[in-house]
Structure formats: structure tokens, C-alpha cells
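The structure appears right after this line, and notes come after that.
The values are calculated or read from the model by the stated rules, or taken from the named source; none is laboratory data. It should be emphasised that the depicted structure is a prediction, and the values quoted were computed from it without experimental measurement. Backbone-built Cβ (ideal geometry, glycine too); neighbour counts: all protein chains shown.
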Amino acid sequence: MRLTSADQSARPPGQPGGERAFIAGLAIIGGVYVLLIVAMVAADAAFTSPRHILRALGNENIQYAVKLSLISCSLTAILSLWFGVPLGYLLSRFRFPGKGLVEAVLDIPIVLPPLVIGLSLLILFQTPVGRAIDRVIPVTYAVPSVILAQFAVACAFSVQTMRVTFDQINPRSEQVARTLGCSQARAFWLVTLPEARRGLLTAATLAWARALGEFGPILVFSGATRLKTEVLSTSVFLELSVGNLESAVAVSMLMILAAVAVLLVVRWFGSGAALRKAVEP
């Protein structure tokens, strides 16, 4: 359909000045939030110094917190992938009764306040089944509780990331593999999973970063015991509680640097679209 000269003359003339003002207004409003984040990070960087960070790293308690954070976050990322891949695949490829309910349940850790998740885990291990598990493998207020508290939240993000990843993969390749004699499991391992490698990296790094920043569930379910259940997030809390602001900020800068590194990995090698959709409520 072509516009006649009369139709074209009836269209309102462009207003470049108005468009520039509109874009400038959007940039100003959005820039305020960006500047707030930059200002917070800059304030932390100005308050501390490499000497403070090195002094914090020389503290035995902080060293233990760094070690436990690296171990627990890595295990959490692995566990999140172990459960996130099958759940994401099922939700992406199949329709089954109660699918909407399952999706709603998986969103609960994302929308619940972190303290509520920690309290729920604590109550769970006060039940007869939880007490029986605790007698065999000490969980509550021990290192396993740190991993479980991180996993309870991080895995939900991993599931959503993997679901979006599988949604973006055309199932035709998998169907062709099955027509060539592959079973559904073999087609998944040989065709679908290799195509989802960018999503796997995104899910793992997102779960790792989410576990690193977890505080509320760990504080309630694991406590903040020095040289036992202390991670970097609880180190900030403990240092603040004794008035050691310099060490608290130094540890915060370590967490910021780790978060930036994770984001760079996701942006450069991961699936940005999967990341954006996964964190949407």
C-alpha cells in the first residue's frame, strides 16, 4: 500500500528538537540511577586503599571467609547446573499437568525476602526428617548449611536461565537427530546440550554471583561463626558489628571486584539475552 501525496502532506512534520528533548529526558532520568551506582562504588574505593585490602586479606578470619566463599559458591554453581539443566529443559520442551504450579514454585525463592528463606530452612531442619538428617550429617549452623542456603536461592536463577536458553534453541536439530536413529537422551547430549553451552556458562556464573552475595539465609540458617560458617557477606556484617569500618569496606571491595569479574564473563562469553530474561520476575 502506497501513501498518496495527500496522505503524505497530512502527516505531521517531524520535530527533531522535540525528539532530542525526549531522548535527553530519558537519558537524564536513567543517568541518575547509573550515577548512584557509580557514586557508591567510587565512595567505597575512595574510603579504602590497597593497603587496607591487603591488611584484610592478612586477617585469618577473612582468609577463611574467602576460602569458604570460593568453595561454597563453586559447589553451589555446580549443584545449580545439575538441577537447573533438567528442570529448564522440561519446562521448555514439554507440557504436563501442573506445569504452571511448578513454574510458580520455582519463582518463590526469587521473590521471597532472603530472611524468610533462611528461616524456612531453619524450621525445615527442626522437623523429624530434618533432625534425622542433622544427626547423620550436621547441617544447621555448619558448612553444609551455607551451601544449602546459597543453593536454595541461586538454583532458581539457574533454572530460569536454562529455560530461556532452551527456548532459544530450535528443536528441529534435535528432531532431525532422532530421525537419524538417536534416542531422545542421546539427541539431548549430542545436539541440544552443546548448543546450550553459552547458556550453561551464563547460568553457572549467575548462580555463583548470586551465591556470593547471599547474606540473609546464611545469617539465619548458618549463623556467622568465625572460622566455621563465615563467608564474605557475613564478614562485612561481623566487621561492622565490632566497628571495624575499614575492614568491612575492604571486604566489600573484594566482593565488588568478584561481581565485576563475573559480569564481564557473562557479557563477553555468556548469553546476555538469557541473563536478562532470567532475572525478570
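Overview of values
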{"read-out": "Test: residue in the range 198-213 that is of a type in the set (S, T, Y) and modelled with pLDDT of 90 or more", "value": "no"}
{"read-out": "Check on G98, over 30 Å from E239 (Cβ atoms) and at pLDDT 90 or above", "value": "no"}
{"read-out": "Any pair with Cβ under 8 angstrom, 6 or more apart, that starts in the range 45-65 at a residue that is more than 18 Å from V260 (Cβ to Cβ) and ends at one that is exposed (fewer than 13 other Cβ atoms within 10 Å of the Cβ)", "value": "E60/L227; N61/L227; Y64/L227"}
{"read-out": "Tabulated pairs, the range 92-114, first of a type in the set (G, A, S), second in a helix (DSSP H, G or I), C-beta under 9 angstrom, 6+ apart or interchain", "value": "S92/M162; S92/R163; S92/V164; S92/T165; S92/F166; S92/D167"}
{"read-out": "Answer residue from the range 127-167, given it is under 24 Å from the mean Cα position of the chain (by Cα) and of a type in the set (D, E, K, R) and is farthest from K99 (Cα to Cα) among those", "value": "D167"}
{"read-out": "Pairs where the first residue, in the range 248-263, is within 9 Å of L232 (Cβ to Cβ) and the second is among the β-branched types (V, I, T), C-beta under 8 Å, 6+ apart", "value": "V251/I62; V251/V236; S252/V236; L254/I53; L254/V66; M255/V236"}
{"read-out": "All positions within the range 117-135 that are surrounded by 15 or more Cβ atoms within 10 Å (Cβ to Cβ), among the hydrophobic types (A, V, I, L, M, F, W, C) and part of a helix (DSSP H, G or I)", "value": "I117, L119, L121, L122, L124, I133"}
{"read-out": "Some residue of the range 227-244 being acidic (D, E), closer than 20 Å to V66 by Cα and either touching a residue at least 60 places away in the same chain (Cβ under 8 Å) or touching a helix residue (DSSP H, G or I) at 6+ places or on another chain (Cβ under 8 Å) (or both)", "value": "yes"}
{"read-out": "Filter result for the condition that a residue is closer than 30 Å to F188 by Cβ and either surrounded by 19 or more Cβ atoms within 10 Å (Cβ to Cβ) or of a type in the set (S, T, N, Q) (or both), over L79, L90, L75, L101", "value": "L79"}
